[in-house]
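See structure below.
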Amino acid sequence: VEEEAMADDGYGAGSLRRPSWICHLAVISTTFWALLFYFHYAMQGNMASIFLKPSSFSLPSLPPSLSGWLGQDRCAGRRIYMYDLPPRFNADLARACGKHSTGMDMCRHVANDGFGVPLFGGEGTGLPERGAYDTDQYTLAMIFHARMRRYECMAADAAAADAVFVPFYAGFDASLTLWQSDVAARDALPRDLVAWLTRRREWRAMGGRDHFLVLGRGTWDFIRADDGGWGNALMTYPAIRNMTLLTIEASPWLGNDFAVPFPSHFHPSSDADVAAWQDRVRRAERKWLWAFAGALLPSGSTKTVRAQIIQQCRASPGACGILGGRHGLYNSPGRFLRLMESAVFCVQPRGDSFTRKATFDAILAGCIPVFFHPASAYLQYTWHLPRDYRSYSVFIPHADVVDRNASIEAALRRIPPATVARMQEEVVRLIPTVMYRDPAATQVSFKDAFDVSVDAVLRRVAKRRRAAAEGREYQDSVDGPDSWKYDLLEDGQTHVGPHEFDPYL
């Protein structure tokens with residue numbers, strides 16, 4: 001009976017035992033579910049992401065739950081603890097949006113977690129079909145806060161975190177108080193924040209060296225000296241100086257502030273949205289050689305690069321497009337981006353300070369930016385833009401234009417067409433890394449400006465943490481005339497020396 005049973009099961013006397021049908025089924029089932037998981041997460045959103053260039057998008061990654069099942073910890077080195085601040089430090093400031101500005105309705109801009117109200121897009125509008133918003137340049141703290149609330153590697157306890165985020169809307173507080181003559185009133189909430197933080201055990205662990213904060217305005221609004229002047233004193237307090245501070249414009253002469261891109265008007269929800277936009281700007285008919293969107297500075301001086309740009313552009317109507325002059329016209333996102341989408345080069349003179357939001361609007365539109373001062377981009381956005389500035393932009397020294405009456409158009413026409421084509425492709429490649437995606441988007445494969453910024457903060461905090469464990473202070477920069485040079489050092493470099501941009505700073 002046993003021999004017959006063994007023969008019926010396929011195991012005759014002296015034969016090798018073959019896998020049963022159950023084993024075959026288990027292998028097939030495991031393979032099927034593994035492939036199903038991979039394709040679901042790799043291609044969620046649209047198959048179009050497959051055809052995106054590898055240089056623009058990183059490889060898709062598995063979700064934390066599946067990574068844990070496979071024995072991987074995707075959150076290793078990436079855990080962030082976020083304070084639950086009292087509402088006076090963020091939500092109350094957003095609710096006071098009606099008092100932020102006398103010249104515009106900021107309440108329409110704080111909607112949708114800082115993206116602003118949605119805009120109608122599509123061909124001919126200058127805006128993408130989906131994900132277009134009327135985003136103001138000063139809402140970045142809200143945008144970061146919204147993304148952090150959905151961050152996949154949040155830590156419930158600061159002791160288990162690799163960095164600590166402080167969701168203080170410093171820029172909104174500054175907007176409410178900058179014009180007050182009473183400096184104590186300007187400093188009231190920053191002082192309150194310092195007192196609140198320094199009482200916390202999370203702060204005492206590293207004295208704030210593992211903390212980071214998004215300012216939402218330029219550094220200049222937070223470094224008021226003791227003798228008075230513009231702004232508040234937030235960044236001058238020793239406790240705050242221990243932190244890593246993210247700002248839309250950093251000072252070349254300070255060591256703990258790092259510039260991140262201004263928010264533009266496109267906040268995609270999927271790889272397919274980004275791919276469609278990149279394809280559109282690649283195919284755009286660019287009828288202008290160069291373009292400028294803006295107006296004269298309030299001083300009205302003609303001895304500025306901006307004044308020369310306007311004069312030269314108006315003198316060359318067949319080659320240059322211009323938009324500006326009337327209030328509200330050049331602040332119209334659709335018209336603004338449509339102009340840039342129609343030009344090969346977009347000139348970016350200094351604004352009220354070194355930088356302009358229009359730099360990132362130009363990159364979004366696939367337009368090669370033209371700079372006249374290195375602090376307008378090259379010394380600022382070192383986490384997000386290539387160190388080789390010639391790969392994506394043109395630099396014309398401002399003195400050549402103002403003092404020597406150099407022709408901007410002639411300088412641009414001297415660039416070989418093949419070089420222009422390479423620069424245009426590099427600009428299009430940069431688009432994902434200088435935009436802020438929709439916080440609700442899941443399983444997108446590209447890293448946006450938020451991701452790049454957070455990764456850089458985590459690297460910096462990790463180095464500071466290792467140094468503290470060794471009983472020393474990690475120093476990656478200094479205050480003073482050479483501070484900006486440290487941001488340009490490559491990995492492994494520790495010393496700075498003469499630089500081509502020395503004459504400008």
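The values are calculated or read from the model by the stated rules, or taken from the named source; none is laboratory data. Quantities reported herein were computed from a predicted structural model and do not represent experimental measurements. For neighbour counting, all protein chains shown are included, and Cβ atoms are generated from backbone atoms with ideal geometry for every residue, glycine included.
Data overview
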| item | result |
| --- | --- |
| Residue check for A362: in a helix (DSSP H, G or I), surrounded by fewer than 23 Cβ atoms within 10 Å (Cβ to Cβ), of a type in the set (G, A, S) and modelled with pLDDT of 95 or more | no |
| Extreme residue, modelled with the lowest pLDDT, among residues of the range 294-322 that are within 18 Å of K357 (Cα to Cα) and of a type in the set (A, V, I, L, M) | L297 |
| Considering residues of the range 249-293 that are surrounded by fewer than 20 Cβ atoms within 10 Å (Cβ to Cβ) and of a type in the set (G, A, S) only, the residue modelled with the lowest pLDDT | G255 |
| Single unsatisfied condition, L246 versus (1) more than 21 Å from the chain's Cα centre (by Cα); (2) part of a strand (DSSP E or B) | (1) |
| G207 vs. criteria more than 26 Å from the chain's Cα centre (by Cα), assigned by TED's automatic domain parsing to the domain that holds V461 and on the phi > 0 side of the Ramachandran plot | yes |
| Matching residues in the range 71-89 - criterion: being among the charged types (D, E, K, R), in contact (Cβ under 8 Å) with a residue 12 or more places away in the chain and part of a loop (DSSP other than H, G, I, E, B) | R74, R78, R79 |
| All positions within the range 157-194 that are closer than 15 Å to A96 by Cβ and among the aliphatic types (A, V, I, L, M) | A170, A174, L176, L178, A185, A188, L189 |
| Output for the range 494-505, where each listed residue is surrounded by 10 or more Cβ atoms within 10 Å (Cβ to Cβ), out of contact with any Asp or Glu (no Cβ under 7 Å at 6 or more places or on another chain) and at pLDDT below 90 | L505 |
| Residue among R429, R465, R459 that is assigned to a helix (DSSP H, G or I), assigned by TED's automatic domain parsing to the domain that holds M142, within 21 Å of the chain's Cα centre (by Cα) and not hydrophobic (A, V, I, L, M, F, W, C) | R459 |
| Elements of type helices (runs of 4 or more DSSP H) in the range 90-180, at least 1 residues being at pLDDT 95 or above and surrounded by fewer than 23 Cβ atoms within 10 Å (Cβ to Cβ) | 91-95, 140-149 |
| Hey, F354 outside the structural domain of G216 (by TED's automatic domain parsing), on the phi < 0 side of the Ramachandran plot and not in a loop (DSSP other than H, G, I, E, B) or not | no |
| One residue from R191, R186, R217 being part of a helix (DSSP H, G or I) and touching a helix residue (DSSP H, G or I) at 6+ places or on another chain (Cβ under 7 Å) | R186 |
| Every pair of residues 6+ apart whose Cβ atoms lie under 8 Å, when the first sits in the range 101-129 and is farther than 18 Å from G334 by Cα while the second is among the β-branched types (V, I, T) and at pLDDT 85 or above | V110/T139; A111/V117; D113/I143; G114/T135; G114/T139; G114/I143 |
| Which numbered condition I415 misses (of (1) of a type in the set (A, V, I, L, M); (2) free of Cβ contacts under 8 Å to residues at least 60 places away in the same chain; (3) buried (at least 16 other Cβ atoms within 10 Å of the Cβ)) | (3) |
| Only listed residue being closer than 24 Å to H211 by Cα and among the acidic types (D, E), chosen from D476, D388 | D476 |
| Residues (within 25 Å of the chain's Cα centre (by Cα) and either surrounded by fewer than 22 Cβ atoms within 10 Å (Cβ to Cβ) or not assigned by TED's automatic domain parsing to the domain that holds E473 (or both)) located in the range 210-232 | W220, I223 |
